[in-house]
Structures are given as C-alpha cells and as structure tokens.
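S.K.: Below you'll find the structure I mean.
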Amino acid sequence: MTRRFVVSGFVLALVSLPVLAGLAGTIGPAFGYLPAIGGNSFTFEHFATLAAQPHLMRSSMVSLTAGIVATSVSLIMVMLFTAGYAGTRMFSRIQHMVSPLLAVPHAAAAFGLAFLVAPSGLAMRLVSPGLTGYTSPPDWLVPQDPLGLTMIIGLVAKEMPFLFLVTLAALPQVPLAQTRHMTANLGYGRIRGFLIASWPLLYRQIRLPVFAVLAYASSVVDMAMILGPALPAPLPVRLTQWMADSDLRMRFLASAGALLQLVLTMAAMAFWLIAERAGAFVLKRMSGSGIRQPDDRTIRRIACAAMAVSAAFVFLGLLVLFMWSVAGLWPFPSLLPHYITLQPWMRAFPQAVAPVVTTITLAGASATAALLLAIGLLWQDDLRAGDALRFVLYLPLIVPQLCFVFGLQILGLALGLEASFLLLIFVHLIFVLPYVVLSLSQPWQAFDRRYETVAAGLGKSPLQILLRVRLPMLTRACLTAFAVGFAVSAGLYLPTLLIGAGRMVTITTEAVALSAGGDRRTIGVYTLLQTLVPFIGFLIASLVPHLLFRDRRAMRI
Amino acid sequence: MKPGSKTDGLHLDAISIGLHGRTLLCLSAVVRPGDVLTVMGPSGSGKSALLAYLGGFLDPVFTANGRLSIDGSDLTGIPAENRRCGLLFQDPLLFPHLSVGGNLLFGLTPSIARHSQRRRMVEQALVDVELQGFFDRDPATLSGGQKARVALQRVMLSAPRFLLLDEPFSKLDSDLRQQTRTLIFSTAKAAGLPVILVTHDIADAEAAGGRVVVIGEETGR
C-alpha cells in the first residue's frame, strides 16, 4: 500500500509540478513580474504591447481554426473508417500502413508535404507541362497559403495516425462484433449501427487523447513554421520568435502572448465541449429516427480513401525528401533529377553528426527513464484505479507546450540555472512518459496473471517474479514502448529549442531551422536523418526479441 | 514429525470465504500426506476463491476467515511465495521465454546451490517422466502431455508442502487424461504430499479416490 503510494505520488509530482510551475512562470512575467530582469511591478502594459502587434487577430484565428478543423477532420476520418471497416481485412491493411506514421517526426512530415504540393513540387511536376502548360513553377502561395490549409492537411496527416492508434487500443474494451451483429440483425448499416451503438463508448475512452490533439494542433510551432502562412505567421510561430529573441525584455511580450495562446487553446476546448454536446444530440436523433441506412458503401469508401490518401501523403513526402537528398540538377518541370549524387550527404553529414548524437543520447536517456517509471507505475497496478493519475499523465499534452515550457525556461532564468543536458532530459521525460505508459499498459494488463501465481507457488518473491517472469515475457512490449518514447523525444521541437537555449541542438531543431531559406537538398538530408533516428528505435524493438528468443516459438509473435 | 501424529497433513480449520457480505463457502477438512481431497462445485460456487485462498493470492475484495496449517505450522496470512504450495492449472503455463530445463531450474528449490547438482537434479526429473534429453527444448514445441509432465516436475522440484490442482486434466484428451492423473496422484503419494483437487469432473474425483466435498448454493451452510 505505501509502496503503491510512493511510485504514483512520485509520478504525480514529476509530471504536474513542472506544468504548474511552468504556467506560473508564464503568468508572472505576463503581468510584469520578473525580478531577474527588472520586472517588479504589476502591470497590464505588456498586454497592451501585445494588442498593438500587427495582425495579431489574424495570427490567432489561423491557429484556432487550424486546431479545430484539423482535429475534427482527423477524428471524423478515424470514426467513419473504424465504423465502416472494424474487423475486416481492409482494417488491418490500413492499420499496418498507418502505424509507422506515428514514428515520422512532425517536421519531416511537414517538409515532405511541402515538397509535394509546392508550385515546384512533385505533384505539379507530374502534370507539367503536359496538363498545365507550365514550364516554370506558377506563382502560388503554397504551402504557406494565407488560410493555413496546407498546415491543416499536414496536421491531419500526423494526428490521424495518433487518434487511430488510441482508438485501436480502446477497441478491445468495446463488444464490437456482438454489437455489430445485433445492429445488423435490426437492419442497420455498418456505419449507422456503429455510430449509434459503439461510438459513444469508444469516444469516452479516447476523449483525453482527442483533447491532447486539439491542444497540440491549436498551438503547433514546427509544422506551422514549415507549412503555415508567413505574413502574418500563426501566433505560436510569432511567440517562439519572441521567446528566442536575444532582447530579454521581449520575454514580457512573449509571456503575455503565451497567455493569449492558453486562452485560445481553452477557447478551442470550450468549442469542442459544445461540439460534443451537439454530436451527442445528433446521435440521439439518429437513433430515435429509426432510419436504418443499410447501404453506406459510399461513405465507407470515402473514409477509407481519406485514410489511405492521408497516409500516402506522408510516404510520398518522405520519398520526395529522399529524392532531393540525392538530387543533382533537378530543374522544373523534370519529374526526376537529371542525375543522382551523394554530394548533399557528403556536404551536410559532417555538421549533422553532432546533433544526431545529441538526439540519440537525449531520446535514449528520456525513454529509458520513462520506461522504468512506467514499469514501476504499472507494477503498482495503479492505472486502472487512478483516473486522476491518467489525467495528470495527460496534463503536459493538454496544456499547450508553449505556455508552460516557456515558463520553465523563465524560471530557470530567474533561478540562474544554466541550460543543462540533465534539465533537457527531464523536460523530455515529461512529454515521453505518457506515451510510454499508454503503449505499455495494454500488453501489461493483458498478461496472463496465472504465470505469476505459478511462480509465487514455486517460492519466488514479487520482485523475482517481475524480473524473471513478467518483464522477460513482456520484452517485446517493453521495447516497443521504449521505441515509442524514443520517437517522441527525437521529434520534440519546441521544448528542445526553449530549454536547450540554442546550446543543445538536436536533428529536429536543426531541421526546422532550415525551413527559413535552407536549400532543398540539405533539408532532404536532415529530415531523412530525423526520420531515420526513431525508425532505428522501432527496428531494434522488433529485431531484438527475434535474436533473444530465437529458439522460443511462443515468444516470437 | 512422526507420521500419523495429530498435526500431520494439511488442516483446513473452519475456512469461510465471502464476497460482498455473502458467504460463498465454509469448509473444514484434514488432508493427510498422500491423500487427495476433491472439491467439486458448479462455476461461481467459490472453487477458485478457495484455491486462491489456500495458495495465498486471494483478491482482497473477498473476505476470508479460518485457519490453514500444514504439519502443525500455521500458513494463514503467509504470503504466497513463502507457502511452498505447488499449483497446477488446466494450462501447463510453462514460461515461454525459458527452455524446458530453464523452467525446471526456475522451479528447483534454491536450497540446492551447486550448479552441477542443480543441473543433475533437473536431468533426473526429466528422466523420471520419460523426457530425457529435453533440457534444451523450446516448451512451445512439446505435446500437451509432455507439457503437463514438465509442469508437474517443475512443481515437484520446488519441494512443495502440498499440492493444489485446478482442473489440471480438463484440457487433455481422455487417454492422456488417464495417464496424467495416474502420474500426478502417484507422484504426490510417493512424495507424501497432501493434495487438494478442484474439479467439476466426477471421474477426476473417482480417480483421486479420496474424500469428496461438494460446495455451492445447494449445500451452502
């Protein structure tokens, strides 16, 4: 009992304290309080400065709508696809296509998309000059279109896989097949039957992740820098520029802006709460009407196509990045480079080695720590009991990163802390832990406890049972959870940028920095490296069990 | 301990198990070394709760009273890992990450410390059940009957003080069931272990040849 309290209490503090402290560190300076750089008085002056920034309204609205639209579209795609295909072979086919997307860093997906849809991108080259007659790229504002549509597409391509995977994880807790038989016998089509009978149960399970997506999408920085509008840039991008400004007094403005961001994200959430009510009302009317809609093939196919196209965008994007990274001369409108060269790699690689090493060390350390904590947490059997704990684990994902990581940076400044690698690992850990726990908890709970009972009957202590029975049997699940954490850490942009303070750079911060004017070949090399790092984690996670349990058939599945 | 003395064997003293204020079962019994007590009852009668209580892993939602002792020493409240109670389930539950020999070494009591002697004892245990040369085999490649024998030897090597059998034959086909039954009961008899068998198959009870207790709503006291 006391042991149980210690681990969950520790995790509770570990996750919630930095978030709360970070928020405080943001709110204080927003009202003028930051003694370290001479802010001693309570004032609204910084909000006035903020309001005077040009096009502030437009910046805010772009972020807000992009967040809401991207979340809605991703969720509706996942919902309709699950409704139409759960339990079929197409479902597992798409599942295998979508799952690896989770490991693709946001920045890499964004660059890939940009290189695909830009006026001189692969899509335009495919139809030029044959269909369009263009022999030079048209003067279109894509990506960076003023409405943020490209940014929304990028967000959907990256958030849809996440929502799909959390839905997959929740599916076993819903009696899907029985419900489907029942609704089918009553004459309901797949989609309508699912929406009425299963979706409300399922949605309750994935509600926190949906809010996490909403918070992320409405405050995203790296994707917005690459795909979002430029003048004015979305609010989070402008905030990041103010936060990184060498003039320390800009911190006040940035704090006030971060508070505005917090309000924006809260507005998005308030809107979402209303939308949830509306959705529930529509569902109720749908089920009350008794309309069966037995033929829903069209909707099903659209949903399936949307999933496949969205996944294909990312894969094609990575392909284009690869092509650029080895492209010699590649003028518009040639579909392929005129020749292939390794020169971009030779040129970029020497500078990239150090960031790659930093990335791997950082990701390895934070994912290891997260895995150990997750094992401790699950061993105490606390997750089923603690809804509060589940919420706290999600806290760093639901409070926009901008709003509290910046506060943490300011606190560090106020306390005179130097930017240190240890601090960076700790901040990464906060973001990595929820994903690792999520990934590990399902196989952990599915474990046949009779093995432990047998071992206890053979005289083994609980610790021996953990180390010699449970963990070895869950080797694959542990390694997968580690790889997930590794990928999350490797792809983290904003926390690395702010806490690393420019002195600790990862391949991700370097790649995003290239978005302003970097040439396509270098970007290709950096983003491929950025994608490769998490991919190696997953490769190890799938190969190591094979090697370890070469002669154990039952361990290879 | 002299055989036949008053404290010899497994003593179940007025054991009662309840759930949410409802009493599931009450039981008093003495199981002498080598004897089998068969507990029968429909599902939901508390058979598994009884087994869990005896093994020391009863879920805390249950309330349990009574006293359990073996050869005069009290086991009530002793954690599962210190009870030395050998468990056999309907599935053999061989650890899939260990070899056959690894499973047996895992079971073998740590009181035998020398590596060579441990290996020799495990090899001998395999010979005893006609599985010589199986030390390095992957348990996943064994037949159902072979797995059941390995599971039995894994328990026996742990030097248990009594055996708890949870329908251990229900997944075997009838030929194999007969053989496995005979093997387990004769092994327990030879080792002088009290055995508690939980089953819903009357043939198991007949083969065990000991006292039969029926629990469940009808006989609930």
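S.K.: Find the Rg to Rh ratio for the protein assembly as shown, where Rh is the Kirkwood radius over alpha-carbon pairs and Rg uses the same atoms. Numbers along the way, then the final one.
M.R.: Numbers: Rg = 31.8 Å, Rh = 30.1 Å.
Dividing the radius of gyration by the Kirkwood radius yields 1.06.
S.K.: Next question, about the same structure. Restricting the count to DSSP beta bridges whose residues both fall in the range B:10-214, what percent are antiparallel, rounded to a multiple of 5?
M.R.: Values: 18 of 35 bridges.
The antiparallel proportion sits near 50 percent.
S.K.: Which of A:Ser246, A:Ser287, B:Ser43 has the fewest other C-beta atoms within 10 Å, and how do the rest follow up to the most?
M.R.: A:Ser246, B:Ser43, A:Ser287
S.K.: While we're on this one: Would you mind ranking A:Thr509, B:Thr76 by Cβ crowding within 10 Å, fewest neighbours first? Don't skip to the end; give the middle numbers.
M.R.: Values: A:Thr509 22, B:Thr76 14.
Sorted ascending by nearby Cβ count, the order is B:Thr76, A:Thr509.
S.K.: Here is a follow-up. Give the percent of DSSP beta bridges with both residues in the protein assembly as shown that are antiparallel, rounded to the nearest 5.
M.R.: DSSP beta bridges in the protein assembly as shown are roughly 55 percent antiparallel.
S.K.: Taking +1 at the Cβ of each Lys and Arg and -1 at the Cβ of each Asp and Glu, which of A:Gln343, A:Ser218, B:Ser170 sits farthest along the dipole of the protein assembly as shown towards its positive end, judged by Cα position relative to the Cα centre?
M.R.: B:Ser170
S.K.: Here is a follow-up. Could you estimate the translational diffusion coefficient of the range B:10-214 from the Stokes-Einstein equation, with Rh from the Kirkwood formula over C-alpha pairs, at 37 °C and 0.692 mPa s, in whole µm²/s?
M.R.: Answer, rounded: 187 µm²/s.
S.K.: Could you tell me which of A:Ala244, A:Val454, A:Gly148 has its Cα farthest along the dipole of chain A towards the positive end, charges placed at Cβ (Lys, Arg +1; Asp, Glu -1), taken about the Cα centre?
M.R.: Farthest along the dipole direction, towards plus: A:Val454.
S.K.: Sort B:Cys85, A:Cys478, B:Cys26 by Cβ crowding within 10 Å, fewest neighbours at the top.
M.R.: Sorted ascending by nearby Cβ count, the order is B:Cys26, A:Cys478, B:Cys85.
S.K.: Relative contact order of the range A:160-297, please, whole-number percent, based on alpha carbon pairs below 8 angstrom and at least 6 residues apart.
M.R.: 31 percent
S.K.: Moving to a separate point now. Rounded to the nearest 0.05, what FRET efficiency is calculated for A:Ala308 and A:Leu422 with R0 set to 30 Å and r the Cβ-Cβ distance?
M.R.: On the way: r = 44 Å, r/R0 = 1.45.
So, using R0 = 30 Å, E works out to roughly 0.10.
S.K.: What average number of partner chain Cβ atoms lie no more than 10 Å from the Cβ of the residues making up A:446-453?
M.R.: Partner Cβ neighbours, averaged per residue: 4.
S.K.: Pairing the Cα long axis of helix B:174-191 with the longest principal axis of chain B, what angle in degrees results, from 0 to 90 and rounded to the nearest 10?
M.R.: Once rounded, the angle reads 80 degrees.
S.K.: Sticking with this structure for a sec: Under unit Cβ charges (Lys, Arg +1; Asp, Glu -1), what dipole magnitude, rounded to 20 debye, does chain B have relative to its Cα centre?
M.R.: Roughly 640 debye, rounded to the nearest 20.
S.K.: Quote the charge dipole size of chain A about the Cα centre in Debye, to the nearest 20; the model charges only the Cβ of Lys and Arg (+1) and of Asp and Glu (-1). Walk me through the numbers on the way to the answer.
M.R.: Values: 38 positive and 19 negative charges, 399 e Å.
The dipole of chain A has a size of about 1920 debye.
S.K.: Please enumerate, by chain and number, the aspartates and glutamates with C-alpha under 13 Å from the C-alpha of A:Lys460, excluding those fewer than 8 residues away in the same chain.
M.R.: Straight-line reach from A:Lys460, under 13 Å: A:Glu452, B:Glu81.
S.K.: A further question follows. Using only alpha carbon pairs under 8 Å that are at least six residues apart, calculate the relative contact order of the range B:10-214 and give it in whole percent.
M.R.: On the way: 352 pairs, mean separation 63.6, N = 205.
Computed over the range B:10-214, the figure is 31 percent.
S.K.: How shielded is B:157-164 by partner chains, expressed as the average number of their Cβ atoms within 10 Å of its Cβ atoms?
M.R.: The shielding value for this peptide is 2.
S.K.: Okay, next question. Under 8 Å for C-alpha pairs, at least 6 residues apart: give me the relative contact order for chain A, rounded to a whole percent.
M.R.: Here the relative contact order equals 24 percent.
S.K.: Taking the alpha-carbon centroid of each part, what is the distance from the range A:446-503 to the range A:506-549 in angstrom?
M.R.: 23 Å
S.K.: Sticking with this one: Sort A:522-535, A:92-105 by packing, meaning the average of other beta carbons within 10 Å per residue, with the highest value first. Walk me through the intermediate numbers first.
M.R.: Working: A:522-535: 24.5, A:92-105: 17.6.
My ranking of the peptides, most packed first, is A:522-535, A:92-105.
Computed from the coordinates by the stated procedures, all read-outs in this text should not be read as laboratory data. This is a predicted model, so every value here is computed, not measured. Note that each Cβ is placed from the backbone with ideal geometry, even for glycine, and that neighbours are counted across all protein chains shown.
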